[in-house]
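Here the structure is laid out as structure tokens; the discussion comes afterwards.
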Amino acid sequence: AQTVTQSQPEMSVQEAETVTLSCTYDTSESDYYLFWYKQPPSRQMILVIRQEAYKQQNATENRFSVNFQKAAKSFSLKISDSQLGDAAMYFCAYRSANTGNQFYFGTGTSLTVIP
Amino acid sequence: NAGVTQTPKFQVLKTGQSMTLQCAQDMNHNSMYWYRQDPGMGLRLIYYSASEGTTDKGEVPNGYNVSRLNKREFSLRLESAAPSQTSVYFCASSGTLNSPLHFGNGTRLTVT
């Protein structure tokens with residue numbers, strides 16, 4: 001099974017500043033998909049951004065962008081102009097393109113936004 | 001757009017009691033999943049169903065059973081609840097291979 005590692009259990013950022021959350025994964029596959037999910041205190045799981053491994057261009061969604069380093073098996077999430085509403089748990093997830101029924105999740109990073 | 005609907009939202013059980021968590025999706029997805037979420041452990045897969053009529057064990061299947069009733073519905077049953085099953089449970093579904101998971105709102109289960 002693939003493993004996904006989020007090495008930062010907790011992070012904090014000043015409002016309006018930029019923060020980067022780290023994610024690494026272990027796989028022998030060349031084709032796969034990566035996702036970041038946000039879980040606010042409401043408990044809802046919200047898709048933030050996704051990246052296809054075959055695409056070299058980093059995905060961007062408004063203030064959220066990723067730094068995808070395929071060779072290093074790294075998939076970090078950058079949040080620009082942080083807002084109070086960004087405070088949440090963030091989970092990184094991996095899905096194989098070949099045996100793609102299972103998703104593998106990291107243990108999450110708790111992000112605090114300081115006013 | 002209902003998406004993924006799971007019930008109940010909260011449940012308290014005594015050790016040894018049984019219950020079924022219900023889940024339904026209206027997105028015509030083939031794959032459905034049950035996860036549990038515990039502090040510091042992320043989301044762990046209990047069971048999944050790649051298509052109607054099939055189910056497979058995930059990482060933590062012991063103590064649980066599932067039923068894929070039809071394409072829309074995927075239920076999770078605890079036959080004899082234990083305190084170790086105190087957790088937040090999420091149902092999710094997914095379509096094609098490049099699709100993300102779509103989650104229900106979760107069930108907080110406490111077993112005393």
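The numbers here are math on the coordinates, done by the rules we state, and not lab data. Owing to the predicted nature of the structure, the values given are computational and were not obtained by experimental measurement. As a convention, Cβ positions derive from the backbone with ideal geometry for all residues, glycine included, and neighbour counts pool all protein chains shown.
Can you give the extra length, in nm with one decimal, that the chain gains between A:LYS70 and A:SER30 once fully stretched, where that is 0.36 nm per residue apart less the Cα-Cα distance? Intermediate values should be presented prior to the final figure.
Working: separation 40, 0.36 × 40 = 14.40 nm, distance 0.89 nm.
Here the answer is 13.5 nm.
Cα centroids of the range A:54-115 and the range B:35-73: how far apart, whole angstrom?
24
Of the residues A:SER22, A:SER74, A:SER42, which exhibits the maximal mean-square fluctuation in a Gaussian network model of chain A defined by a 10 Å Cα contact cut-off?
Looking only at A:SER22, A:SER74, A:SER42, the biggest GNM fluctuation is shown by A:SER42.
Give me the distance in nm between label points sitting 7 Å out from Cα along the Cα-to-Cβ direction at B:ALA82 and B:GLU59, one decimal.
Using points 7 Å along Cα→Cβ, the separation is 1.8 nm.
Using a 10 Å cut-off around each Cβ, can you sort B:SER84, A:SER80, B:SER49, B:SER99 from fewest to most neighbouring Cβ atoms? Write down the numbers at each step before the final one.
Numbers: B:SER84 10, A:SER80 14, B:SER49 22, B:SER99 18.
Ordered from fewest to most neighbouring Cβ atoms within 10 Å, B:SER84, A:SER80, B:SER49, B:SER99 come out as B:SER84, A:SER80, B:SER99, B:SER49.
How big is the protein assembly as shown by the Kirkwood estimate over distinct Cα pairs, in Å?
Values: mean 1/r = 0.0553 Å⁻¹.
Roughly 18.1 Å, rounded to one decimal.
Could you check the simple spin-label distance between B:ASN105 and B:ASP26, using points 7 Å along Cα→Cβ, in nm with one decimal?
A separation of 1.4 nm, rounded to one decimal place.
Starting from the Cα-Cα distance between A:THR20 and A:ASP81, subtract it from 0.36 nm times their residue separation and give me the gain in nm to one decimal. The partial results should precede the final answer.
Working: separation 61, 0.36 × 61 = 21.96 nm, distance 1.16 nm.
Full extension from A:THR20 to A:ASP81 adds 20.8 nm.
Whole-Hz Karplus ³J(HN,Hα) for the range B:67-77, in order, using 6.51 cos²θ - 1.76 cosθ + 1.60 and θ = phi - 60°, x for Gly and Pro?
Rounded to whole hertz, the list is 9, 9, 5, 6, 5, 7, 10, 9, 9, 10, 10.
Using θ = phi - 60° and the Karplus form 6.51 cos²θ - 1.76 cosθ + 1.60, what ³J(HN,Hα) does each residue of the range A:61-66 get, whole Hz, x for Gly and Pro?
Per residue, the Karplus-derived 3J(HN,Hα) values read 9, 6, 7, 9, 9, 10 Hz.
Filter A:LYS38/B:LYS14; A:LYS73/B:LYS57; B:LYS9/B:LYS71 down to the pairs with a C-alpha to C-alpha distance above 30 Å, please. Kindly include the intermediate steps, with their values, before the conclusion.
Working: A:LYS38/B:LYS14 32 Å; A:LYS73/B:LYS57 27 Å; B:LYS9/B:LYS71 22 Å.
The pairs that break the limit, which is 30 Å between Cα atoms, are A:LYS38/B:LYS14.
Report the label-to-label distance for B:MET41 and B:PHE10 in nanometres (one decimal), using points 7 Å from each Cα along the Cα→Cβ vector.
2.3
Considering the zone a paramagnetic label at A:ALA97 would reach in this model (a point 7 Å from Cα along the Cα-to-Cβ line), which residues of the range B:69-112 have amide N under 20 Å from it?
Taking a point 7 Å out along Cα→Cβ of A:ALA97, the residues of the range B:69-112 whose backbone N falls under 20 Å are B:94-101.
Which of B:LEU97, B:LEU69, B:LEU43 moves the most in a Gaussian network model of chain B with Cα springs under 10 Å?
B:LEU97
If you stretched the chain out fully between A:GLN44 and A:ASN62, how much longer would it get, using 0.36 nm times the residue separation minus the C-alpha to C-alpha distance?
Extra length available between A:GLN44 and A:ASN62 comes to 4.4 nm.
Starting at the first residue of the range A:9-16, write each ³J(HN,Hα) from the Karplus equation 6.51 cos²θ - 1.76 cosθ + 1.60 with θ = phi - 60°, in whole Hz, x for Gly and Pro.
Values, residue by residue: x, 9, 9, 9, 8, 6, 3, 6 Hz.
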